[in-house]
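The values are calculated or read from the model by the stated rules, or taken from the named source; none is laboratory data. Note that this is a predicted model, so its numbers are computed, not measured. Using ideal geometry, Cβ is built from the backbone for each residue, glycine included, and neighbour counts are taken over all protein chains shown.
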Amino acid sequence: MVKNRILVLDDEPVIQELLARTFNEDRYHVEAAEDPKAALKRIKEEPFDILITDLRMPKVSGMDVLKEVKRINPHTEVIIITGYPTIETAVEAVKMGAFDFICKPFDLEQMKTAVGKCLDKQRSEPKIEVLLDYANSIIATLREPFLVLDKRLQIISANYAFYATFKVTEEETLGRPLPDLGDRQWNIPKLLQLLREVIPEKKVVKDYNVEHKFEQIGDRAMILNACQLHISNKTAAMITKRAVEEEEEDLILLAIENITERKIKDDESRIKDVAIASSINAIAISDPDGNLTYINDSFLKLWGYDNEEDVIGKSSVMFWNDPEQAKAVIDALRQSGQWSGELAGKKKDGSIINVQLAGSIISDSAGIVEGMMASFIDITERKKAEEELRESERKLKELDDKTTRSQEELKASYTELKTSKDNLVRSEKLAYTGRIAASIAHEIRNPLTNVSMSVRQLKKGDRIKPEGFKHSEIIERNVERINFLIAELLNCARPAKLNPAPYDIHQVIKDALISDKNKIRSQRIKTIKLLAAKPSILKIDKEHMGRVLLNLITNAIDAMPKGGNLTISTEINKDFFLIKVQDSGVGIPEKDIIRIFDPFFSTRPQGVGLGLTTCYGIVVSHGGTIEVESKWRKGTTFIISLPMDTRRERERERERE
């Protein structure tokens, strides 16, 4: 059995081995070569049925090998394989006698089919049919859309890429004039004019750019190439599937390269380049080592350079006042992929500027770092303004603090003056009341004494009838009440005579509460005691201070006839001991608060108006103060402030230590 001889010419050993293993069967004899000269030598020595050759080789191209093989042995069929297919190369190969043109990477079944057809052609097929099969093979493998047109621009052939790209079917395409294709979407006047000149003027349309909107696929950018195909009538008939009267037929091959995505990317890149170049921010790009590869005009202006030649290629570190800090920023940028912050830059003239920097890493799709990009903003004036603002704020705060202290001092002085005035007014009132009281007491007590003695004499001499005893008792009770009022008036008008001694003020408070416990219970009043934990020994007159607290507690109870909360709290404020008696009663009207300690002033119908006056005198005699806070319908709080013997307290603290 005679074996078909195949010679494989390729500078890649993998391709040689792959094809040799594929065709190393009983019916084939396969040899391989990687040098074109060695392959041509073997063809001269022995005949081969098929040569499978690479198109691009280091020294000699596949087209040169094809030409030489056809000269040596025209019966040897040549199949060209390539990873860089173009229509022009394919057409040229066909004209030179190549049987097939296959793109890398190729399918082994496709290669087997091509070899089989090649052998069949050698045995029986006429040359024209082989060429047509070859042309169809080219059409099937090309990735770019292309059309074959006759001289009337009627479409006689199209490849799969054309149908897929422009969303049309074979039925909608073949036999139609190009301008009418797809609802006249290809009616592009300038293109049609160029195509009509291809055959009569033998023109070649080369790299014609077209931007056109197609209804079905939208905007497209294309590069068109067209040339004349001069073939026999038999070949034309087989291609066009119609009878051809002329001996020869001229056709137009139209290749279409869709560059829409590339143009979009180019436009985006151009817009970005323009934006970067014209940005008011200084922008620089460096290689992975930090050497500058691009800078815009704003960068030159910011750092005071005139020409980019003075900057490109220089290390980015040299543009900063602290090189070590700049290196640290670059290291941080490499590690995290981005960095932002403030740095001190050094201009060409040596002056220092404050710069806000934002940088990021530039990486390719595989994550390999290709460089770094940074944007810079001059914040020197802003930093200066911020510093001036901080200084102004500092001075303003000092002035505000001084003003606040002055206001507080003024307020304290006003309060002290007002308190002194109020105390002086009260003292004057009490002094005046004392003088009046002493005069009235002298003038009233003598007649009262006579009245009282007269009533007692009448009662002893049985001069009063039984029905008159009732009236005599009334006289005696009122005489006693008048005497009591005179005594109270004298007590509140003159300083109390104290017998001070160290005593627990908390115990005085508890005793006062016990005195009023029945009244507290009967009126359902809740007592709350918040007494200070620290020692409460004060130098006081127990009896007089007990009278003060009992009076305040009684008044609080009377202010809550339907129940409420009675809160008594104590605390130490610096050198004073505070006692607060608070009720949740009706409160005191604001207009009456200023008169609350005046003699004979009372908010109760049956009140005499001397109780709080007496309390005031006792507290003042202890060197303390008594104040009142009240809100109408929310309650009243009386605050007693008594001086502490701080020297004795400090001695006790030292003894405890």
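Only a single criterion out of (1) hydrophobic (A, V, I, L, M, F, W, C); (2) in a helix (DSSP H, G or I); (3) in contact (Cβ under 8 Å) with a residue 60 or more places away in the chain; (4) under 17 Å from Gly371 (Cβ atoms) is not satisfied by Ile276, namely (3). Could you go through segment 454-467 and let me know if any residue there is surrounded by 15 or more Cβ atoms within 10 Å (Cβ to Cβ), part of a helix (DSSP H, G or I) and modelled with pLDDT under 70. The answer is no; no qualifying residue exists.
So for segment 438-452 (the condition being loosely packed, with under 12 Cβ neighbours inside 10 Å, closer than 30 Å to Ile594 by Cα and either at pLDDT below 70 or not basic (Lys, Arg) (or both)), does at least one residue qualify?
Yes, segment 438-452 contains a residue that is loosely packed, with under 12 Cβ neighbours inside 10 Å, closer than 30 Å to Ile594 by Cα and either at pLDDT below 70 or not basic (Lys, Arg) (or both).
Taking segment 9-46 as the range and being closer than 16 Å to Thr113 by Cα and in a strand (DSSP E or B) as the test, only Tyr28 passes. Filter segment 4-20 down to residues that are in contact with a strand residue (DSSP E or B) (Cβ under 9 Å, 6 or more places away or on another chain) and free of Cβ contacts under 8 Å to residues at least 40 places away in the same chain and give me whichever is surrounded by the fewest Cβ atoms within 10 Å (Cβ to Cβ). Of everything passing the filter in segment 4-20, Pro13 is surrounded by the fewest Cβ atoms within 10 Å (Cβ to Cβ).
When Leu396, Leu424, Leu430 are checked against the criterion of being over 30 Å from the mean Cα position of the chain (by Cα), in the same structural domain as Glu476 (by TED's automatic domain parsing), at pLDDT 85 or above and of a type in the set (A, V, I, L, M), Leu396 stands alone in meeting it. Evaluating Thr235 against the criteria (1) in a helix (DSSP H, G or I); (2) at pLDDT 85 or above; (3) within 18 Å of Lys95 (Cβ to Cβ) leaves one unmet condition, (2). Which numbered condition in (1) crowded, with 19+ Cβ neighbours inside 10 Å; (2) within 60 Å of the chain's Cα centre (by Cα); (3) closer than 21 Å to Leu642 by Cβ is the only one that Leu552 fails? Leu552 satisfies all of (1) crowded, with 19+ Cβ neighbours inside 10 Å; (2) within 60 Å of the chain's Cα centre (by Cα); (3) closer than 21 Å to Leu642 by Cβ except (2).
Only a single criterion out of (1) at pLDDT below 90; (2) outside any strand (DSSP E or B) is not satisfied by Asp349, namely (1). Within segment 477-490, the set of residues being at pLDDT 70 or above, surrounded by 14 or more Cβ atoms within 10 Å (Cβ to Cβ) and not aliphatic (A, V, I, L, M) comprises just one member, Asn483.
Being more than 21 Å from Met372 (Cβ to Cβ) and either in contact (Cβ under 8 Å) with a residue 60 or more places away in the chain or not β-branched (Val, Ile, Thr) (or both) is a property that Gly304 has.
Within segment 137-186, the only residue that satisfies the criterion of being under 15 Å from Ala90 (Cα atoms), charged (D, E, K, R) and loosely packed, with under 15 Cβ neighbours inside 10 Å is Arg143.
Residues that are buried (at least 16 other Cβ atoms within 10 Å of the Cβ), over 52 Å from the mean Cα position of the chain (by Cα) and modelled with pLDDT under 85 are absent from segment 201-214 altogether.
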